[in-house]
Amino acid sequence: MLKFLKQVGDYAKETVQAARYIGQGLSVTFDHMQRRPVTVQYPYEKLIPSERFRGRIHFEFDKCISCEVCVRVCPINLPVVDWEFNKETKKKKLNSYSIDFGVCIFCGNCVEYCPTNCLSMTEEYELAAYDRHELNFDNVALGRLPYKVTDDAMVTPLRELAYLPKGALDPHDLPADVQRAGLRPEEIIAQAEAAQGKQPEEAK
Ligand code: SF4
Ligand code: SF4
């Protein structure tokens, strides 16, 4: 009999413990239900990177003097500067230049120390590739003009996370009546249709 009562007691204890764990899990769920979304409808919407964003490096071939300062200041000696000495002009002649963005840590040292400012950091951050060797950019790829979110007519550039008030980054504990920084996608469509003189879908 005592053994049976002990089993019932253990079972009740485990039940209470399990209920407590379920309650803890649900409290996290309910907490998240309260907050505002921070979603960006990528790739139709993109956040505008900050002014000092360190994205893909841009290289100007004609300005490079093959000094290799960029290689010496790079923590991993990454840039490959291929040059030869021109005996007639007694100057170095640059043949090719490359940076492997699969290895680069975007520290910006090379850009900072280049004496001719032929390197610069752009806003480009979409560097995904199926093959990591495609991330090894030669001087032609490095010389391409950078992509800008604000120049792409197919993309809605967002300066702030649209659902949060201006300057807010934490979606928790915001009063429901605080104004959003941006518009919801359906509001943007309604605005575009109004600008074209069309009636919004609901009003038809
Ligand atoms: S950004 Fe940094 S890691 Fe990348 S090439 Fe320049 S110095 Fe090297
Ligand atoms: S530091 Fe500038 S000029 Fe010198 S090799 Fe590197 S990119 Fe060319």
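Would you mind working out the magnitude of the charge dipole of the chain relative to its Cα centre, with +1 at each Lys and Arg C-beta and -1 at each Asp and Glu C-beta, to the nearest 20 Debye?
Value, rounded to 20: 580 debye.
Using Cα pairs closer than 8 Å and at least 6 residues apart in sequence, work out the relative contact order for the range 4-123, in percent.
This gives 28 percent for the range 4-123.
First select every other residue whose beta carbon is under 12 angstrom from the beta carbon of Thr150; then total the charges, Lys and Arg +1, Asp and Glu -1.
Around Thr150, the charge tally is 0.
Most fluctuating residue of Gln191, Gln41, Gln17 in a GNM of the chain with Cα springs under 10 Å: which is it?
Result: Gln17 has the largest fluctuation of those listed.
Helix-only mean residue ellipticity at 222 nm, the chain, DSSP H runs n ≥ 4 weighted -39,500 (n - 2.57), per residue, nearest 500. What is it?
Value at 222 nm, helices only, nearest 500: -9000 deg cm²/dmol.
Note down the magnitude of the dipole of the range 5-64 about its Cα centre, charges +1 on Lys and Arg C-beta and -1 on Asp and Glu C-beta and zero elsewhere, to the nearest 20 debye.
120
May I ask which residue of Val28, Phe59, Thr39 lies farthest towards the positive end of the charge dipole of the range 13-141, with charges of +1 (Lys, Arg) and -1 (Asp, Glu) on Cβ and the Cα centre as origin?
Selected residue: Val28.
Would you work out the charge dipole size for the range 123-180 about its Cα centre, treating the Cβ of every Lys and Arg as +1 and the Cβ of every Asp and Glu as -1, and quote it to the nearest 20 debye?
Value, rounded to 20: 160 debye.
Rank Leu2, Pro175, Gln17 by how far each Cα sits towards the positive end of the charge dipole of the chain (+1 on Lys, Arg Cβ; -1 on Asp, Glu Cβ) and give me just the farthest.
The residue sitting most towards the positive pole is Leu2.
Can you pull the percent of the chain's accessible area that's carbon plus sulfur, 1.4 Å probe, other chains left in place?
The nonpolar share, carbon plus sulfur, comes to 56 percent.
Given bins 10 angstrom wide, list per bin the percent of all Cα-Cα distances in the range 1-77, short to long.
12, 16, 15, 14, 13, 12, 10, 6, 2, 0
Comparing Glu160, Glu84, Glu112, which has the greatest mean-square fluctuation in the GNM of the chain with Cα pairs linked when under 10 Å apart?
Glu84
Which sequence of Leu135, Leu2 reflects their accessible areas, 1.4 Å probe, from the largest down?
If we order Leu135, Leu2 from most to least accessible, we get Leu2, Leu135.
With the chain treated as a Gaussian network of Cα nodes joined by springs under 10 Å, which of Glu186, Glu124, Glu45 yields the largest mean-square fluctuation?
Largest GNM mean-square fluctuation: Glu186.
Just in the range 16-116: which chymotrypsin sites (Phe, Trp or Tyr not before Pro) are loop by DSSP and have at most 15 other Cβ atoms within 10 Å?
Tyr44, Phe53, Phe106
Which aspartates and glutamates, if any, have their Cα less than 13 Å from the Cα of Lys92, not counting same-chain residues under 8 positions apart?
Candidates past the 8-residue exclusion: Asp62, Glu68, Asp82, Glu84.
For the range 32-117, which trypsin sites (Lys or Arg not before Pro) are both in a DSSP coil and crowded by at most 10 other Cβ atoms within 10 Å?
Answer by residue number: Arg52, Lys87, Lys90.
Give me the three principal axis extents of the range 57-147 from the C-alpha atoms, as integers in angstrom, largest value leading.
On the principal axes, the range 57-147 reaches 44, 23, 23 Å in Cα extent.
Remind me, what semi-axes does the chain give for its equivalent ellipsoid, largest first in whole Å, using sqrt of 5 times each Cα gyration tensor eigenvalue?
53, 32, 14
Please give, to one decimal in nm, the separation of the simple spin-label points placed at Leu127 and Ala141, each 7 Å out from Cα toward the Cβ.
Result: 1.0 nm between the two label points.
The values are calculated or read from the model by the stated rules, or taken from the named source; none is laboratory data. Nothing here was measured: the structure is a model prediction, and the numbers come from that model. Counting neighbours? That spans all protein chains shown, and the Cβs are built from the backbone with ideal geometry, glycine included. Only protein heavy atoms, including side chains, enter the accessible area calculation; ligands, DNA and RNA are left aside. Shrake-Rupley method; radii C 1.70, N 1.55, O 1.52, S 1.80 Å.
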